[in-house]
Every structure is written in C-alpha cells, then in structure tokens.
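Q: This is the structure I have questions about; it appears just below.
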Amino acid sequence: MTAAGVVNPPVELRAARPARPALGRARGLAVGWRTVLLHVVLVAIAGFAVAPLLWMVSASLMPSGAATTYPPPLIPHPLTWVHYHELFSRLDVARELRNSAVIAALITASSLLCNSMAGYAFAKFQFPGRDRLFRLVLLGLFIPPQVAMLPLFILLRQLHLVNSYAGVVLPSMATVFGIFLMRQYVLGIPDELVDAARVDGAGEFRIYWSVILPLCAPVLVTLAVFVFMSSWNDFMWPLIVLTDSAKYTLPVGLANLSGEHVKDTELMMAAAVVTLLPVLLLFISLQRFYIRGITMGGVKG
Amino acid sequence: MTSLDGGGRAARRAAAIFLAPGLLLITITFLLPAAASFLLSLTDFDIYAVASPADARVVWLRNYATLAQAPLFWIALRNTLYFVLVGGPISVVVSLGVAVLLDSELVRWRGLFRTIYFAPVVTTLVAVAVVWKYLYDPRFGLLNAGLHALGLPPVDWLGSAVWAMPSIILMTVWKGFGYNMIIFMAGLQAVSPDLYDAARVDGAGAWQRFWHVTLPTLAPTFLFVSITTMIGFLQLFSEPYIMTQGGPLHATLSVVLYMFNQGFESWHIGQGAAVAFVLFGLTLIGALIQLRLRPERTEGGA
C-alpha cells in the first residue's frame, strides 16, 4: 500500500463530504498509483459510454457507403451534411420533429397541472381515507403499462381518438410517479404558509396557484424535464396509436425508416442524431434537476 | 373551516376538486383498462369485435389454455426470464461497481464522469437501438473490428441464436447503468464515515469494509433498485422490435413483443390480453419474492 491508501484524512474533513475534492490538495500533490489506476478505469468506462454516440455522429457525416467499408473508418472523410439535407428535404423528418415537439409539450404542460394538483391535495388536505387512497395509487407502480394497452386502444377507438395527438397525450397527462414526486415535495412546505393565506381570505385555487406552485418551482422543473424526456423517447404506445405516417413521432418514424433504408447506414445515423440530440441537450443543460428527480423517487421511495 | 385540520365538508370538497383531474385520468386511461385486460382475456375479442364489441363472446380460460399449448409463448417466456435473470443482475452489479468507484475520495472531475456515464440513459431507446444494430454488424461493425484488433475471432452478434440475447443485454447495460448508479451514489452518501473509520481501526481491509459496512447500509437501496430493474426488464420490447424483430429463430422474442404481435398485429386481442395478464402476474410474483427475501433490518417502503 502506498501513501494515498494508508493516510487517513482527518475525521472532520471526511464528515464534510462535499468538500472532498480538497483532500487531494491537502495531502500534497503526491498522486498514488491507486489514483492513477482508478482514473484509468474511469476513463475506460467513459469511453464505453460515449463511443457508440461518437461513432453515430461521425458516421452520420460520412459519404454514402463509407461506413460500410473495411476496416470501418472512425473519422468522416470527406465530411458531408448530405444525409441531414435528405432527411429534411426528401424525407419527413421535419414533420416528425414537429409532431414530437407538440406531443411532448402538451404532455409536459398538462402533467405539470394534473400531478401538482393531486400531489398538493394528498400532502395538505385532511380527508377520510386519504392515506389509504394514496397507497392504492402507489400500487399502480407495480402494474406494467403494457397491461392496459389493449383495452385502452379499444376505448380510444370507440372515442375516435386513435391516430390523434389526444390518443398519445391523454394516457400520459397524469402519472403515479408524478403525483408521488409532487406530494413528497409539498409535504416539506410548512402548513403555516397555507393557513396564513387562508386566514387572509384567499380561495383554495388561489392558494394553490399563488402560494404552493411558486414554492414548488424547483420540483416542477424536475418533473417537466422528466416528463418531456420520457414522452419524447416513448415508442410503444405512439407506435400503436398513431396509424398514419403523417402523425408519426421521431422514434416511430425512425423505426419505420430503419426498416426501409437498412443499407443506408450514414442516413440512419443522421436520423438517430436528429432523434436523440434534443433530449441529450436538454439533459446536459438541466441535469441537476433531472438527477434530483431520480434520487427523490429512489431514496425516499 | 379555515383550518387545514378541520376535515370539514369544505376541505373535503376542495380536496376532491384538486384530486379529480389526475385521479380520473389515471383511472380511465390506466387502472380501469388494466383491470379490463383481465376481462378481455376471458373473451374471443378479435378484429371483428373491434368494430362491434358486442360480438365478442366469453370463452372463460380458453385463451390461457391456448397459451399453455403455444410453443412461441413458452419461448417468449423463457427469453424474457433469461433477460431478467441474467441481464438484470449484471446491470445492477455494474451500476453498483461504478457508483462505488465514483464515490471514492480519490476521484477528480466526479461531476464530469457522472454526466458522461448518465448520457446514454437519456438518449432515445429507438435511436440507440438502431445505432447498436450497426455496431453489431458482423462485417463492418465496430465491435468485430475491435475483436479483430485484439486478435479474437468475429462474433455474429445479432445473427446467431446464441449471441442475440447477450448482445441485447450488453446494449441494455450500456444504456441503463447510469440510472441505478445515481441511486446507488445517493445511497452511498448515507453510509456514515464513522463506520468506515471504526472498521479501519479494527483492521478491516477495503474489501471487508465494502462487504460488512457498505453493502448492509445499502440494503434498502438495493431492494428498491432490484425491484424497479426487474419490473423494467420484464417489459423488454423496443430492443428486439428494432434490432432483431424477435429473431433469429425467435431467440429474442419477448413476452411484450409476443403480446404486441398477438394483439396489435394479428388482432387476436383476447389472446394478447391473456399474455398481458401473464406479464402482470410475473411482475407481481417477482416483486413479492424480492420483498420476502429482503434483509431483516430494512425499513418498510411506502
């Protein structure tokens, strides 16, 4: 064992875990072999995580047929944007992008409203059977969504909602996870704030809208990012309910395209980039909120 | 009436109004259809009944009897259990391993590594399934090029009945390990540094500290992760739908893909509903087994 492993940091420093990066400096600049080995492993895992995505971007910029030569090239030469042009001019990707954006936006807006209202009611109203009802709703987490799909399809068909945005949006407007997330957060808001507003004569909806929602801003962002991403990435239900290619979302369109253009590797990679880039950028800019949603659901659950 | 604790009629009415939109939507689009799925599985609902549901007749358990005699159903069940029982534990162990590495106090740029590891999680499953299909190409794919560089023979990844499911597992681990990693990292924050120091004073090595201090503290996290992972893995659908269409030789046909083919492709809706109900049963049994197996001292969940 070398110094890095044996020397114990002072207890008070260890207790303050966020301050850990300072420990390296506290010990001086001696970097032990353990540190080096650890970072070699971490970089290798990072390579595993990003290599498929880097290759996807690289192949999407190669001339047609270049990706299927041997040995497989890693860098596009010459670099071309022709596949992106084709996707947006000859193929329907612009329309699919719009469909995906409209559907994800509708789901996000409506689920923020429905889930926050229900979460608030479960957290702050007293009524008989409240906790039993909440536990009953939580049991929904054990039901795979696919179990509901066949009856739901028949129901939507009776309502003439098959092949409509509404058919995709309605089942995602309220979710068990969303209600749970909102309730957990609202529980942490002091009752006194609600009571004070009520004493001032504010109506129930006014309290929700002007007192609760502003205080919930962080968790609302978390929920919005979660819902937007999952509806953008959703595949099976849109595949079932959208029967006309004019209504296809990006994942459904991509699945369709990959059946027709199997040999066009570079074109398919460009379509994959267009499909996943929006959510990847959204995650990178708002990852703090997204990751908090996972740990809130995971640790307190 | 002005107090929250009153529980009076006004409070009850307000609660009902706030709960109504969310609970009605969940009930109508999820809970009732899920229950209706069982009733549907007792009928011979088919393409004609879609036009006029009154034509469907009750056949009681005949759909389940048909399933029991359908070789494809048993293949789908076996493949799904393979995916859950092999892929699930691999995925959880990889997540835990990476979380423990990232939690080490020697790590620099922890946030950067975390972001990179998490990136595949947020990508669109359909898009990365298409990408991996090309990575797995036996002639031009990057994976076989890598094997060649190491002096190893090529593998017919998605083209062979033996390798197709391991290939889907590899892709799934790549796509998902960052998610459980985040949950494990949050769990590791709860491990008291004092416990580590006490173990160190007692002469415990790194491995012993992990085994006797870290793992017991992580037990509740572990239970949560393994149940949610199992539920998710039982729902395998998009990967085989995109990459293999359930082939080769049905080696990647999953229960949900079989349900989709029966219900939405062949329009044997009653039959498909029976498959859906089997999926629900598997989920419930799996969750109950894991709850039963949990260590004594963990707290009860919600």
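The values are calculated or read from the model by the stated rules, or taken from the named source; none is laboratory data. Computed from a prediction, not measured in an experiment: that's the story for all the values here. Counting neighbours? That spans all protein chains shown, and the Cβs are built from the backbone with ideal geometry, glycine included.
The rows are residues; the columns are (1) facing chain B (nearest Cβ under 10 Å); (2) under 30 Å from A:Ala272 (Cβ atoms); (3) surrounded by fewer than 21 Cβ atoms within 10 Å (Cβ to Cβ); (4) of a type in the set (D, E, K, R).
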{"residue": "A:Leu193", "(1), (2), (3), (4)": "no, no, yes, no"}
{"residue": "A:Ala197", "(1), (2), (3), (4)": "no, no, yes, no"}
{"residue": "A:Ala202", "(1), (2), (3), (4)": "no, no, yes, no"}
{"residue": "A:Arg206", "(1), (2), (3), (4)": "no, no, yes, yes"}
{"residue": "A:Trp209", "(1), (2), (3), (4)": "no, no, yes, no"}
{"residue": "A:Ala217", "(1), (2), (3), (4)": "no, no, yes, no"}
{"residue": "A:Val221", "(1), (2), (3), (4)": "no, yes, yes, no"}
{"residue": "A:Ala224", "(1), (2), (3), (4)": "no, yes, yes, no"}
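Q: Test of understanding: among A:Thr243, A:Thr222, A:Thr275, which residue is among the hydroxyl-bearing types (Ser, Thr, Tyr) and assigned to a loop (DSSP other than H, G, I, E, B)?
A: A:Thr243
Q: Another question about this same structure. Can you pull out every residue in segment A:106-147 that is among the aromatic types (Phe, Trp, Tyr) and farther than 19 Å from A:Pro190 by Cα?
A: Selection gives A:Phe134, A:Phe142.
Q: Looking at segment A:157-175, which of the residues that are in contact (Cβ under 8 Å) with a residue 60 or more places away in the chain and closer than 15 Å to A:Asp234 by Cα is surrounded by the fewest Cβ atoms within 10 Å (Cβ to Cβ)?
A: Among them, the one singled out is A:Tyr165.
Q: Another question, if that's okay. Suppose we filter A:Leu37, A:Leu13, A:Leu42, A:Leu74 for residues that are surrounded by fewer than 17 Cβ atoms within 10 Å (Cβ to Cβ), at pLDDT 85 or above, within 11 Å of chain B (Cβ to nearest Cβ) and closer than 30 Å to B:Val201 by Cα; which single one remains?
A: A:Leu37
Q: For residues that are touching a Ser or Thr at 6+ places or on another chain (Cβ under 7 Å) and either not assigned by TED's automatic domain parsing to the domain that holds A:Leu74 or not in a helix (DSSP H, G or I) (or both), scanning just segment A:29-61, find the one that is nearest to B:Val100 (Cα to Cα).
A: Out of the qualifying residues, it is A:Gly32.
Q: Something else: All but one of (1) part of a loop (DSSP other than H, G, I, E, B); (2) among the aromatic types (Phe, Trp, Tyr); (3) closer than 18 Å to B:Ile242 by Cβ hold for B:Tyr134; which doesn't?
A: Condition not satisfied by B:Tyr134: (1).
Q: Kindly establish whether A:Ile284 is free of Cβ contacts under 8 Å to residues at least 60 places away in the same chain, in a helix (DSSP H, G or I) and more than 16 Å from B:Lys133 (Cα to Cα).
A: Judged against the criteria, A:Ile284 is a match.
Q: Before we move on, is B:Thr115 in contact with a helix residue (DSSP H, G or I) (Cβ under 8 Å, 6 or more places away or on another chain), crowded, with 20+ Cβ neighbours inside 10 Å and in a helix (DSSP H, G or I)?
A: So B:Thr115 does not fit the description; no.
Q: Hey, another quick one. Test of understanding: among B:Ala190, B:Ala161, B:Ala199, which residue is surrounded by fewer than 16 Cβ atoms within 10 Å (Cβ to Cβ), of a type in the set (Gly, Ala, Ser) and free of Cβ contacts under 8 Å to residues at least 40 places away in the same chain?
A: Answer to the selection: B:Ala190.
Q: If B:Ala99 passes every condition in (1) under 30 Å from A:Gly32 (Cα atoms); (2) part of a loop (DSSP other than H, G, I, E, B); (3) touching a residue at least 40 places away in the same chain (Cβ under 8 Å) but one, which one does it miss?
A: For B:Ala99, the failing item is (2).
Q: Something else: Taking segment B:92-135, which residues are polar (S, T, N, Q) and either over 22 Å from A:Val225 (Cβ atoms) or facing chain A (nearest Cβ under 7 Å) (or both)?
A: B:Ser104, B:Thr115, B:Thr123, B:Thr124 - these are the residues of segment B:92-135 that are polar (S, T, N, Q) and either over 22 Å from A:Val225 (Cβ atoms) or facing chain A (nearest Cβ under 7 Å) (or both).
Q: So if I check each of A:Leu139, A:Leu152, A:Leu181, which one is among the hydrophobic types (A, V, I, L, M, F, W, C), assigned to a helix (DSSP H, G or I) and surrounded by fewer than 16 Cβ atoms within 10 Å (Cβ to Cβ)?
A: Among A:Leu139, A:Leu152, A:Leu181, only A:Leu139 is among the hydrophobic types (A, V, I, L, M, F, W, C), assigned to a helix (DSSP H, G or I) and surrounded by fewer than 16 Cβ atoms within 10 Å (Cβ to Cβ).
Q: Touching a residue at least 60 places away in the same chain (Cβ under 8 Å) and either among the hydroxyl-bearing types (Ser, Thr, Tyr) or over 26 Å from B:Pro166 (Cβ atoms) (or both): which single residue out of B:Pro216, B:Pro248 fits that description?
A: B:Pro216
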